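Derivation of every value follows stated rules applied to the coordinates shown; laboratory data play no part. In this text the structure is predicted, and so the values were computed from the model without any measurement. With ideal geometry, Cβ positions are generated from the backbone for all residues, glycine too; neighbour counts draw on all protein chains shown.
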Ligand SMILES: [Zn+2]
Ligand SMILES: [Zn+2]
């Protein structure tokens, strides 16, 4: 396990890039081969979504150079006996798993808060404004949301005293899950089976419905059990997946600049 930790820490950049671009290409191919919904995603729309990913990567690097991983390394080096993990003193593999589960739980509640607090919703609505959910929607987040999420995650890294390698694994997993969940591809019957353990494209698509009774469901990022546990799970949408109305009624234009500036202009309707 120590060798795995060393490998993850030494090859973080290449690992994250390889997983991201590998999965982007894979899901683009699957969207063509097995589309869940018939929809046309223009090149402009696709590039606009990816531009959010690029912008967020730059903003986060400026806000916290070295990212959460360097923060974890610094914290463990400076305060080796601080944080929940030092207190629990678990075997490394169990420590990794515990960190992944707790961080995923944190993101579940962060997502719920982004729907419930008006200011947060203005930012999160940039993600929900996408009317053509596809793999590129997985990186379409307002930089304001990305920054708030970074602060919350940084707090969690310190509170947990999480090992740097666990943070790398979590971030790789999170990015992979986001691409997987937003891709417009059909897993057939496997979707329902996987949904018992992890969040799937069908499960997350329901969360992007224009109906508030559906967008206030299925908040999970990776493990689907949080929605079941906290009463926010909805298995089937009211209309078939191919007909769900996605996006937001009050966001007719979902281009890059309009979406970026929108939180600072008109009040966003709640979802
Ligand atoms: Zn949401
Ligand atoms: Zn989403």
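Report yes if some residue within region 180-202 is at positive phi and surrounded by 18 or more Cβ atoms within 10 Å (Cβ to Cβ); otherwise report no. Within region 180-202, not a single residue is at positive phi and surrounded by 18 or more Cβ atoms within 10 Å (Cβ to Cβ).
Listed by first and then second residue, the pairs with beta-carbon distance under 8 Å, at least 6 apart or on different chains, first residue in region 198-220 and touching a residue at least 40 places away in the same chain (Cβ under 8 Å) and more than 15 Å from residue 178 (Cα to Cα), second part of a helix (DSSP H, G or I) and within 11 Å of ligand 1 (Cβ to nearest atom), are 215/115; 215/128; 215/207; 216/115. Within region 124-140, if we keep just the residues that are part of a loop (DSSP other than H, G, I, E, B) and buried (at least 21 other Cβ atoms within 10 Å of the Cβ), the residue that is farthest from ligand 1 (Cβ to nearest atom) turns out to be 134. Determine if region 94-101 includes at least one residue that is under 22 Å from residue 208 (Cβ atoms) and under 18 Å from the mean Cα position of the chain (by Cα). No, because not a single residue in region 94-101 is under 22 Å from residue 208 (Cβ atoms) and under 18 Å from the mean Cα position of the chain (by Cα). Restricted to region 1-104, the set of helices (runs of 4 or more DSSP H) holding at least 1 residues that are over 26 Å from residue 123 (Cβ atoms) and touching a residue at least 24 places away in the same chain (Cβ under 8 Å) comprises 2-10, 12-33, 67-78, 84-88. Checking 160, 113, 102, 106 one by one, the residue that is surrounded by fewer than 22 Cβ atoms within 10 Å (Cβ to Cβ) and away from ligand 1 (no atom under 16 Å from the Cβ) is 102 and no other. Can you say whether residue 152 is within 19 Å of residue 114 (Cα to Cα), part of a helix (DSSP H, G or I) and away from ligand 2 (no atom under 16 Å from the Cβ), as far as the supplied structure shows? Against the criterion (within 19 Å of residue 114 (Cα to Cα), part of a helix (DSSP H, G or I) and away from ligand 2 (no atom under 16 Å from the Cβ)), residue 152 qualifies. Listed by position, the helices (runs of 4 or more DSSP H) inside region 178-228 whose residues that are within 17 Å of the chain's Cα centre (by Cα) and within 16 Å of ligand 1 (Cβ to nearest atom) number at least 2 are 201-207. Taking the criterion of being touching a strand residue (DSSP E or B) at 6+ places or on another chain (Cβ under 9 Å) and away from ligand 2 (no atom under 12 Å from the Cβ), the residues of region 186-200 that qualify are 186, 197, 198. Scanning region 43-54 turns up no residue that is within 16 Å of ligand 2 (Cβ to nearest atom) and touching a strand residue (DSSP E or B) at 6+ places or on another chain (Cβ under 9 Å).
Restricting 126, 159, 183 to those that are more than 16 Å from ligand 2 (Cβ to nearest atom) and either in contact (Cβ under 8 Å) with a residue 12 or more places away in the chain or over 27 Å from residue 64 (Cβ atoms) (or both) reduces the list to 159. The residues on offer are 238, 254, and the sole one that is crowded, with 17+ Cβ neighbours inside 10 Å and more than 17 Å from the chain's Cα centre (by Cα) is 254.
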